[in-house]
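This report concerns only the one structure given below.
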Amino acid sequence: MDTTQLLKGVLDVAVLAVVREEDGYGYDIVRRLRAAGLAEIGDASVYGTLRRLYAAGALSTYVVPSEGGPNRKYYAIKAEGIAMLDEQRETWNEFAALFSALINQQPPSAVAASRNGSN
């Protein structure tokens, strides 16, 4: 299954969850998302999400000097971001439970067959 479209709908909450765990710079956040199992996540998608969440007031930034290159912009979650994450987590959990129930239902013919002892 191509998860690209699914990721677009949940990338904000995934980024907020990773940054809530620990502040990070762009590529660090990409790496942590991939390590969590989102291997197909694109760098540009994450960077765009970081910019959007920053503009929405969910994240703040600060700069840390880097020994081996340019300074790194770190992202930290703000109170607004924590509220967004909590709300989106609740919405996701409700949606996931409903969707799982829907797709895991047995068709009526299978239910009837199992009641009659045949498959």
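Readers should treat all values here as calculations from the given coordinates under stated rules, not as data from a laboratory. This is a predicted model, so every value here is computed, not measured. Cβ: placed from backbone, ideal geometry, glycine included. Neighbour counts: every protein chain shown.
What's the total number of residues in the range 1-28 that are part of a helix (DSSP H, G or I) and among the hydroxyl-bearing types (Ser, Thr, Tyr)? Write out each step before concluding.
We begin by selecting, within the range 1-28, every residue part of a helix (DSSP H, G or I); these are 4-21, 26-28.
So of that shortlist, the ones also among the hydroxyl-bearing types (Ser, Thr, Tyr) come out as 4, 27.
Total meeting the criteria: 2.
Scan the range 63-79 residue by residue and report those that are touching a residue at least 24 places away in the same chain (Cβ under 8 Å) and either farther than 14 Å from Val15 by Cβ or loosely packed, with under 14 Cβ neighbours inside 10 Å (or both).
Initial filter on the range 63-79 (touching a residue at least 24 places away in the same chain (Cβ under 8 Å)): 64, 72-77.
Scanning the range 63-79 gives Val64, Arg72, Lys73.
Going through Leu6, Leu53 one at a time, which residue ends up being buried (at least 17 other Cβ atoms within 10 Å of the Cβ) and not hydroxyl-bearing (Ser, Thr, Tyr)? Break it down into steps so the answer makes sense when it comes.
Working: Leu6 fails: buried (at least 17 other Cβ atoms within 10 Å of the Cβ).
Of Leu6, Leu53, the one residue that is buried (at least 17 other Cβ atoms within 10 Å of the Cβ) and not hydroxyl-bearing (Ser, Thr, Tyr) is Leu53.
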